[in-house]
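A short worksheet on the structure shown next.
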Amino acid sequence: MSSSTSSEPPSSSEQPEVQILGRNREDMIAESVKNGEDVQKQFPSVDFKGAVIEPSVNLSFDIQRHVDETNQRRYNTLMAEMLNNTADTAFAERLLWEARKCLENYPEVVSQFDDLFITKRPVPVMIRDLHEVLTTKKETVRRMSLKNPEQESPGGTRT
């Protein structure tokens, strides 16, 4: 007979996986890969799934699972601001370092952050690369929206 009782909390590996926007890690990775197909085609030498998507999704889930709510909100705000300001490399870099501070009390999470954003290349280079990818993605979405003509209603008027 086992000495464990049902009143013991599950180990972290037994705890149910958190979800983001109703999706688990695998679903989020699959959706991100699908949404990034156009960018992947334009940068065929980059392994977006292995180098960007999987580490980003894993970091997001681990932040949600391990980081306190106040630091999560601050981190998410700073990262959103950083992503909106990649054209200003110095400002984006300051935001990135500020976001990292929100994770400092969580060594495993900050290690993932560093692996994704800091250790592979100088931060200004990473931000310029990120800006190029984001600009490419925005331009692709814009071009695709121009290819889809407005639908006409049955009366022949455009909607």
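Bear in mind that the values in this text are calculations on the coordinates, not laboratory data. It should be emphasised that the depicted structure is a prediction, and the values quoted were computed from it without experimental measurement. Positions of Cβ are backbone-derived with ideal geometry, glycine not excepted, and every protein chain shown enters the neighbour counts.
Calculated FRET efficiency, residue 64 and residue 121, Cβ-Cβ r, R0 35 Å, to nearest 0.05? Numbers along the way, then the final one.
Values: r = 27 Å, r/R0 = 0.76.
Here the calculated transfer efficiency is 0.85.
Compared with the alpha-carbon gap, the fully stretched path from residue 88 to residue 49 is longer by 11.4 nm at 0.36 nm per residue.
Within the same chain, lysines fewer than 8 places from residue 137 are excluded, and of the rest, those with a Cα less than 20 Å from its Cα are 34, 41, 49, 147. Applying 1/(1 + (r/R0)^6) with R0 = 25 Å to the Cβ-Cβ distance of residue 142 and residue 23 gives a FRET efficiency near 0.40.
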